[in-house]
Amino acid sequence: MSHIIAPSILAADFANLQKEIEMVNQSEADWFHLDVMDGVFVPNISYGMPVISAIKKHAKKTLDVHLMIVDPDRFIADFKKVGADILTVHYEACKHLHRTVQAIKAEGMQAGVSLNPHTPIAVLEDIIHNLDLVLIMSVNPGFGGQSFIENTYKKISQLKELIEKTGSRAIIEVDGGVNDKNIKKLIEAGANALVAGSFVFKSENPIETIKKLKEI
């Protein structure tokens, strides 16, 4: 399949959020990537339910919601209500990951699990067949605009191998420092979905930038 481009709304201009959403709607992007941070699991706070609900009113594409929060189980039903299509939790934040994944699916959403840069792929061996998506963090989570961690390519290759070995249908998503210089290598390593924040929203022509990322 053609690779998925998911612009990260964290890098958008929040003073003109509806305009930014319309731009993504009009572009060749596939998903909206929404980062939810609680200031506990990561050293930053982003946005929550009201903002996602407002985005949903205007968004015409999949809402890919990435929870960087502790105890995500408390809010699974709430994220469904405000419009999440894919809900991704962090391996490092879940005491009972299998239960959390089942709860996401029970709400009718696709279930994803994210791994921090230091977390090995091997931790997913017993759950990979239950997942719709695995999100590899290629920067330390919490802030946009960070430099890409080179070890990411190796992790993607290892994840692809695990997916093929187990017959899982999980999509491999990468978030952090994605740009036109590394996207080709990421896809070659096995990535199916690429999150791009600052590289898209800070560019002179975001629609054209997205088009170029899709064409690579």
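Sort out which residues of the stretch 38-64 are among the aliphatic types (A, V, I, L, M) and touching an Asp or Glu at 6+ places or on another chain (Cβ under 8 Å), and write them in order of number.
Keep residues of the stretch 38-64 that are among the aliphatic types (A, V, I, L, M), which gives 40, 42, 45, 49, 51-52, 54-55, 59, 63.
Listed by number, the residues that qualify are 45, 49, 63.
Which is closer than 18 Å to residue 186 by Cα and in contact (Cβ under 8 Å) with a residue 12 or more places away in the chain, of 149, 127?
149
Total residues in the stretch 1-37 satisfying the condition of being surrounded by 15 or more Cβ atoms within 10 Å (Cβ to Cβ), of a type outside the set (Asp, Glu) and assigned to a loop (DSSP other than H, G, I, E, B): the figure is 4.
Given the structure, is residue 136 over 14 Å from the mean Cα position of the chain (by Cα), over 25 Å from residue 20 (Cβ atoms) and modelled with pLDDT of 95 or more? Give the steps one after another, and end with the answer.
Values: over 14 Å from the mean Cα position of the chain (by Cα): no; over 25 Å from residue 20 (Cβ atoms): yes; modelled with pLDDT of 95 or more: yes.
When the stated conditions are applied, residue 136 does not pass them.
Residue 161: acidic (Asp, Glu), surrounded by fewer than 23 Cβ atoms within 10 Å (Cβ to Cβ) and farther than 19 Å from residue 4 by Cβ, yes or no? Steps first, answer last, please.
Values: acidic (Asp, Glu): yes; surrounded by fewer than 23 Cβ atoms within 10 Å (Cβ to Cβ): yes; farther than 19 Å from residue 4 by Cβ: yes.
It is true that residue 161 is acidic (Asp, Glu), surrounded by fewer than 23 Cβ atoms within 10 Å (Cβ to Cβ) and farther than 19 Å from residue 4 by Cβ.
Residue 141 meets the conditions (1) at pLDDT 95 or above; (2) crowded, with 17+ Cβ neighbours inside 10 Å in every case but one. The failed one is (1). Quick one: is residue 56 surrounded by 15 or more Cβ atoms within 10 Å (Cβ to Cβ), of a type in the set (Lys, Arg), without any contact (Cβ under 8 Å) to a residue 60 or more places away in the chain and not in a strand (DSSP E or B)? Criteria met by residue 56. The residues listed here are 40, 65; of these, the one that is within 17 Å of residue 89 (Cα to Cα), among the hydrophobic types (A, V, I, L, M, F, W, C) and exposed (fewer than 14 other Cβ atoms within 10 Å of the Cβ) is 40.
Of all the residues in the stretch 43-66, those that are modelled with pLDDT under 95 and small (Gly, Ala, Ser) number 2.
Only one of the numbered conditions (1) in a strand (DSSP E or B); (2) at positive phi is not met by residue 66, and that is (2).
All told, residue 147 meets the bar of being surrounded by fewer than 14 Cβ atoms within 10 Å (Cβ to Cβ) and within 19 Å of residue 197 (Cβ to Cβ).
Residue check: residue 85 meets all listed conditions (1) out of contact with any Asp or Glu (no Cβ under 8 Å at 6 or more places or on another chain); (2) crowded, with 17+ Cβ neighbours inside 10 Å but one, namely (1).
The values are calculated or read from the model by the stated rules, or taken from the named source; none is laboratory data. All figures in this text were calculated on a predicted structure; none of them were measured in a lab. When we count neighbours, we look across all protein chains shown, and the Cβ atoms used for this are built from the backbone with ideal geometry, even at glycine.
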